[in-house]
Amino acid sequence: MSFPKDFLWGGAVAANQCEGAYLEDGKGLTTVDMIPHGEKRMYVKMGDMYPVEMIEGENYPSHEAIDFYHHYKEDIALFAEMGFKTFRTSIAWARIFPNGDEEEPNEAGIQFYKSMFEECKKYGIEPLVTLCHFDVPMGLVRKYDSWKSREMIDCFTKYARVCFERFDGLVKYWLTFNEINILLHSPFSGAGISFKKGENREQVKYQAAHHELVASALVTKIAHEINPDNQVGCMLAGGQFYPYSCKPEDIWAAMNKDRENLMFIDVQARGYYPSYSKRLFKEKNIHLEIEDGDLEILKQYPVDFVSFSYYQSRCASSDPEMSMADGNVMKSVKNPYLQTSEWGWQIDPLGLRITLNSLYDRYQKPLFIVENGLGAKDVIEEAGTIQDDYRIDYLREHIKAMSDAIEDGVDLLGYTTWGCIDLVAASTGEMSKRYGFIYVDKDDQGNGTLKRMKKKSFEWYKKVIASNGEELD
Ligand code: BG6
């Protein structure tokens, strides 16, 4: 039996992709509320088109999403039926501080999350909560240009403090920023950043990242002060880069691609900018403004554990002409040995074992896989059943890889599959890219009854959890 007795099996969602109720009970607008489904989506997400206001006639998927805001009791009951030990979700910052910087928090927002976490506890489900998952309050974007500004550190730490105080005793596992490295690849959805003409984009992104890193360290400090039992993690959009060949230049390319993403985690887990960052900054003409005391803060308050999402491994080559494959957050060189999903994401269970081993070798801190899964189109049969064997196959192979990694010596806290209930896809805004064990009746245009239905994978995952990962067939 490779999985420890207290292994945290569960599923993950994020407020911005499932809650809906985008202006209810005093919530303010967030970045994701301004990202349309259609053609303009990519421009807004990449920071090339600042969304001053909503565009008439566009569909904004986050506004209703799957209306988890009003369905959470029903949904959590289904998670409990599967035997979840943990449930990962995020708090929408703008439910707590609608503009991001009010004097007092919004009590209705606090009550919503309190009641949701209590609902989890009722079933013995441990919440795992991300403080910022792709939704910066638009008030802060308008006032400060989001994380470009240092002012954000105070706003974020104040928000986090309120969460730690008000949800004390209900939540113990916290993540500061979802996929912190996504800021480099999708700046508006990652960190609320849009670019002005002529700006040195690299400078802007790394300066914003520095602000997030300092904020993350301060938040870790506050979490521990409020309750020493709190466990705070960082979160990486993971997936190891393989060299395309054994040509030394390809090995070097892969190493640098990994470093680009791991730099954030290096800071959060080890407490300092790695030595290679000097050269990276020099080559990109970046001059970080680091204030007195920042480096000490980073040093003193590293995270307790390292979490990451894993959908695929990646590949790098020194040849710029290689054909590319789509993937979570960033494209990478196509790996001829791998199959892909309907969205062109490469499928590589062994890559999960490799990623787990190399992250553990590097950090020697407990790891947590907080996202993994297959986005696929599901079909409802006449009898009302949904036979998602492709999803079961994908998850089974990844769970085996995880079990192998544990036997390799990796300290793994838990596993939350992404989108345990169907939700809006972050990249495309689609509903038809489904990850869930639970189907939600809603289409890409926003039509549907929102009715929930169990898929075949529901019973399968229930068995996996009940047997603590022993029964995978
Ligand atoms: C991760 C995000 O990047 O991948 C999630 O943390 C996201 O928010 C997930 O949904 C899967 O990506 P997509 O685009 O298929 O939703």
Checklist entry - What is the range 8-466's relative contact order, in percent, from Cα pairs under 8 angstrom and six or more apart in sequence? => result 17
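If r is the Cβ-Cβ distance from D361 to K299 and R0 is 22 Å, what FRET efficiency results, to the nearest 0.05? Write out the running numbers ahead of the final one.
Working: r = 22 Å, r/R0 = 0.99.
With a Förster radius of 22 Å, E is 0.50.
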Checklist outcome for this item: For Y273 the rounded accessible area (nearest 10 Å², probe 1.4 Å, non-protein molecules ignored) is 40
Item to check | Given charges at Cβ of Lys, Arg, Asp, Glu: the chain dipole, positive-most of L218, M46, N16 | outcome: L218
Checklist entry - Ranked by accessible surface with a 1.4 Å probe, highest first, in what order do H63, H210, H70 come? => result H70, H63, H210
Checklist entry - Which whole-number percentage describes the relative contact order of the range 350-473, with Cα contacts under 8 Å and a sequence gap of 6 or more? => result 26
Item to check | Cα→Cβ-extended label distance, 7 Å offset, between K121 and L170, nm | outcome: 0.8
Checklist outcome for this item: If each K or R counts +1 and each D or E counts -1, the residues other than I35 whose Cβ falls under 9 Å of its Cβ total +2
Next on the checklist: Between the range 334-386 and the range 1-63, how far is it from one alpha carbon centroid to the other, in angstrom?
Outcome noted: 21
Next on the checklist: Amide H of T130 versus every other amide H placed in the peptide plane: which residues, excluding those fewer than 5 positions away on the same chain, fall under 5 Å?
Outcome noted: T89, S90, I91, L175
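In percent, what relative contact order does the range 233-303 have, based on Cα pairs under 8 Å that are 6 or more apart in sequence?
Values: 51 pairs, mean separation 22.1, N = 71.
Averaging sequence separation for qualifying contacts and normalising by length gives 31 percent for the range 233-303.
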Item to check | Among beta bridges that DSSP assigns inside the range 8-466, antiparallel share in %, nearest 5 | outcome: 20
Item to check | Cleavage-rule hits, GluC sites (Glu not before Pro), the range 373-430, DSSP coil, Cβ neighbours within 10 Å at most 11 | outcome: E381, E382
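How big is the dipole moment of the range 8-466 about its Cα centre under a simple scheme where the beta carbon of each Lys and Arg is +1, that of each Asp and Glu is -1, and everything else is neutral? Debye, nearest 20, please. All intermediate terms of the calculation are to be shown ahead of the outcome.
Working: 53 positive and 70 negative charges, 154 e Å.
Dipole magnitude for the range 8-466 comes out near 740 debye.
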Checklist entry - Going 7 Å from the Cα of D25 toward and past its Cβ, which residues in the range 63-91 have a backbone nitrogen under 17 Å from where you end up? => result 63-77, 89-91
Item to check | For E430, residues with placed amide H under 5 Å, excluding near neighbours | outcome: A425
Item to check | R0 of 51 Å, Cβ-Cβ distance E225-S245: FRET efficiency to nearest 0.05 | outcome: 0.55
Checklist entry - Given a 1.4 Å probe and the protein chains all in place, what does the accessible area of H224 round to, in Å² to the nearest 10? => result 60
Checklist entry - Taking one equal scatterer on every alpha-carbon of the chain, how large is log10 of I(q)/I(0) by Debye at q = 0.06, 0.07, 0.08 1/Å? => result -0.23, -0.32, -0.43
Next on the checklist: Please compute the modelled spin-label separation between I380 and M255, points set 7 Å along Cα→Cβ, answer in nm with one decimal.
Outcome noted: 5.4
Checklist entry - Label points 7 Å out from Cα along the Cβ direction at E291 and E342: separation in nm? => result 4.9
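The values are calculated or read from the model by the stated rules, or taken from the named source; none is laboratory data. Here the structure is a predicted model, which means the values were calculated and not measured. Please note: Cβ atoms are built from the backbone with ideal geometry, for glycine as well, and neighbour counts cover all protein chains shown. Only protein heavy atoms, including side chains, enter the accessible area calculation; ligands, DNA and RNA are left aside. Shrake-Rupley method; radii C 1.70, N 1.55, O 1.52, S 1.80 Å.
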